[in-house]
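In what follows, a structure is listed as structure tokens, so that the remarks can point back to it.
The values are calculated or read from the model by the stated rules, or taken from the named source; none is laboratory data. Quick caveat, the model's predicted, so the values are computed rather than measured. FYI the Cβ positions are ideal-geometry reconstructions off the backbone, even for glycines, and counts take in every protein chain you see. Ligands, DNA and RNA are excluded from the accessible area calculation, which covers all protein heavy atoms including side chains. Shrake-Rupley method; radii C 1.70, N 1.55, O 1.52, S 1.80 Å.
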Amino acid sequence: MPTLLSRKYDCIVIGSGHAGSCAALSAIDHGCTRVLIIDKCPEAWAGGNGFFSAGAHRTVHEGLADLLPLVENVPPALASRIDLEPYTAEQFTNDIMRLSGGRSDAPLVRTVVEGSRETIKWLRRNIGVPFTLSFNRQAYEVDGRHKFWGGMALSIRDAGKGLIAAHRAALERVGVETWFEAPAKELVVQDGAIAGVVVERDGKRECVHAAAVVLAAGGYESSASLRKLYLGEGWEHACVRGTPYNTGDGIFMAKAIGARLAGDWTGTHATCWDAHANKFTKSGYPLGIMVNRRGLRFVDEGADFRNFTYAAYGKAILRQPGGIAFQIFDARAETWLREEEYGDEVVKIRGNTIDELVQELVSHGLENVEAFMRTVAEYNDATRIFAAACPERKWNPTVKDGVATHGLSLPKSNWALPLEEAPLFAVTVTCGITFTFGGLAIDPDTASVIRDEGGKPIPGLYCAGEMVGGLWHDNYPGGSGLTAGAVFGRIAGREAGKRARPSD
Ligand SMILES: Cc1cc2nc3c(=O)[nH]c(=O)nc-3n(C[C@H](O)[C@H](O)[C@H](O)COP(=O)(O)OP(=O)(O)OC[C@H]3O[C@@H](n4cnc5c(N)ncnc54)[C@H](O)[C@@H]3O)c2cc1C
């Protein structure tokens with residue numbers, strides 16, 4: 001048994017990521033005076049997946065005028081050249097629900113959607129998160145105007161690094177302590193309520209007391225064995241895009257004291273990931289095609305805006321032979337690709353003609369040249385037949401333009417131009433796992449963890465971020481994870497505040 005120490009806190013937060021940091025700051029806002037964050041990572045890895053994120057936050061908003069006071073990168077002259085439509089609660093809800101096939105837990109979704117705008121304001125005002133408009137990811141410049149698409153507009157200066165820097169500064173300002181290299185090992189329960197956490201430090205186990213504990217320790221995406229167990233054969237080979245420390249500890253610690261598991265345990269967020277450098281997302285595929293080693297396409301690259309398909313297409317790549325695929329673009333598409341994803345650091349396979357390109361692809365693992373040539377020829381023909389039949393359709397990356405292929409059994413539904421302008425180029429992509437969808441059942445109003453037996457909250461135990469089960473199934477609208485983590489983190493901190501009592 002660990003020694004019971006005299007150390008007591010009002011609230012202990014497990015995990016220093018976005019959700020955990022929001023919970024700690026909200027606990028202080030709501031009357032806690034002694035708040036401790038523990039994280040199993042070294043200090044250099046503070047911030048969990050939040051640090052690796054692009055900082056994209058999806059929120060309900062009323063259009064450009066509503067967002068301008070929150071962002072720091074839009075001088076007035078630029079503002080007059082931006083088109084940014086409102087994004088309503090109904091749209092946000094529908095986007096989550098349609099991507100999950102209606103399986104997302106409606107009360108959880110409602111809490112995220114309805115809390116999103118207020119939480120963004122809190123992040124800006126209370127924490128100083130340096131929000132920006134996401135010109136490079138969520139807008140294209142067309143005819144001199146920046147047109148935003150996909151319902152998502154907010155990012156952060158210096159992305160995830162900027163987000164976590166803002167959190168660390170705010171936590172220091174209000175005196176929240178953080179212990180790094182201090183994994184939570186067990187939850188302590190007394191008389192049916194949470195009483196503290198067993199923490200390992202310097203090889204010793206300590207029991208630290210608190211009447212409120214917030215679990216924000218991420219999913220299990222960094223554990224190869226748990227990926228294989230829950231997501232299936234092959235997932236042990238997926239690349240991990242973020243922190244290596246999210247190995248499901250929080251979920252199983254809670255299960256051990258009777259918490260209910262919830263959500264899509266075979267589901268995960270996984271993207272097209274550069275196969276050569278373990279750091280670049282490759283989300284330009286709506287402007288080109290994706291082909292596997294056998295020379296065959298396997299998804300509708302233009303099914304929807306990138307931020308509604310990217311979280312699902314990593315999974316599709318993992319299922320291809322060797323778990324890789326090639327994204328193919330022509331010179332015209334290349335001008336629209338994002339520098340940070342397809343810039344000079346990236347290994348590019350080039351060819352002035354399709355014959356030249358295919359020879360290069362063979363040396364990168366393409367197995368069936370004939371099938372590849374047929375795929376490209378059929379795709380090009382299908383775009384030209386469509387263009388001849390529908391000349392009124394104009395290619396436009398800022399809307400779902402309906403510029404499609406004609407007659408292919410696997411269509412490309414938007415942005416389908418022939419691959420014809422030299423030079424052509426390709427990149428090799430693999431599956432990069434971002435986070436897992438299975439987690440704990442929580443109360444949507446209080447973020448309390450639900451006990452499996454009886455379905456009632458476990459007093460004093462709250463949960464936020466990736467550990468929450470039931471929000472996402474199959475797929476996910478980009479920018480929702482950070483928002484959901486902040487919304488539930490903030491609620492968890494508020495509830496912890498209600499349990500705060502003199503600790504000495
Ligand atoms: C490359 C990448 C890009 C992304 N981009 C975006 C984006 O732009 N927009 C968006 O909405 N989402 C994005 N996401 C997802 C987003 O980062 C997550 O949804 C969000 O950060 C989850 O926050 P969290 O606090 O739940 O988990 P995390 O931020 O992962 O924090 C969990 C923390 O728990 C710690 N921990 C684990 N086990 C223990 C233990 N036993 N004891 C103590 N501590 C423990 C870990 O070390 C970690 O620091 C991205 C993710 C990645 C990987």
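Loop sites only, by DSSP: take the GluC sites (Glu not before Pro) in the chain that have at most 14 other C-beta atoms within 10 Å and name the longest stretch containing none of them.
234-344
Report, to the nearest whole %, how much of the accessible area of the stretch 270-432 belongs to carbon and sulfur atoms, 1.4 Å probe, protein only.
Reported share for carbon and sulfur atoms: 50 percent.
Enumerate the calculated ³J(HN,Hα) couplings along the stretch 429-445 in order (Karplus 6.51 cos²θ - 1.76 cosθ + 1.60, θ = phi - 60°), each rounded to whole Hz, writing x wherever the residue is Gly or Pro.
10, 9, 9, x, 7, 9, 7, 9, 9, x, x, 9, 6, 10, 7, x, 8
Quick check for me: using +1 on Lys/Arg Cβ and -1 on Asp/Glu Cβ, what's the dipole size of the stretch 270-432 about its Cα centre, in debye to the nearest 20?
520
5 Å is the cut-off here: which amide hydrogens, built 1.01 Å from N in the peptide plane, fall below it relative to Ala416, excluding neighbours closer than 5 in sequence?
Val403, Ala404
Starting from the residue with the highest accessible area, list Leu67, Leu261 in decreasing order, probe 1.4 Å.
The most accessible residue leads, giving Leu261, Leu67.
Helix 159-173 sits at what angle to the longest principal axis of the chain, using alpha carbons and giving 0 to 90 degrees rounded to 10?
It works out to around 20 degrees.
List, in order, the whole-Hz ³J(HN,Hα) value for each residue of the stretch 354-361 obtained from phi through the Karplus relation with A = 6.51, B = -1.76, C = 1.60 and θ = phi - 60°; use x for Gly and Pro.
5, 5, 5, 4, 5, 5, 5, 5
Compute the distance in nm between two label points, each set 7 Å from the Cα along the Cα-to-Cβ direction, one at Glu172 and one at Lys185.
Output for this residue pair reads 3.1 nm.
Taking 0.36 nm per intervening residue step and subtracting the Cα-Cα distance, what contour gain separates Ala389 from Arg103 on full extension?
99.1 nm
Jot down the per residue volume, in cubic angstrom and as a whole number, of the convex hull over the alpha-carbon atoms of the chain.
So the per-residue Cα hull volume is 144 Å³.
Can you give me the Cα centroid spacing of the stretch 389-466 and the stretch 92-152 in angstrom?
The distance from the Cα centre of the stretch 389-466 to that of the stretch 92-152 comes to 14 Å.
Which whole-percent values make up P(r) of the stretch 270-432 when all C-alpha to C-alpha distances are grouped in 10 Å steps starting at zero?
11, 43, 39, 7, 0
222 nm [θ] for the chain, helices only, -39500 (n - 2.57) per DSSP H run of 4+, per residue, to 500?
For the chain, the value works out to -9500 deg cm²/dmol.
Averaged per residue, what accessible area in Å² does the stretch 106-214 show with a 1.4 Å probe, protein chains only?
Here the residues of the stretch 106-214 average 41 Å² of exposed surface.
What do you get for the angle between helix 306-318 and the principal long axis of the chain? Use alpha-carbon atoms, 0 to 90 degrees, nearest ten.
Relative to the chain, helix 306-318 is tipped by roughly 90 degrees.
Just by accessible area at a 1.4 angstrom probe, what is the order of Leu357, Leu337 from largest to smallest?
Result of the area sort, largest leading: Leu337, Leu357.
Per residue, how many Å² of accessible area does the stretch 270-432 show with a 1.4 Å probe?
On a per-residue basis, 40 Å².
Where does helix 480-499 land angle-wise versus the long Cα axis of the chain, in degrees 0 to 90, nearest 10?
For 480-499 against the chain, the angle is about 10 degrees.
Please list, in order along the stretch 140-150, the HN-Hα scalar couplings obtained from phi with the Karplus expression 6.51 cos²θ - 1.76 cosθ + 1.60 (θ = phi - 60°), rounded to whole Hz, x for Gly and Pro.
10, 8, 10, 6, x, 10, 8, 9, 7, 9, x
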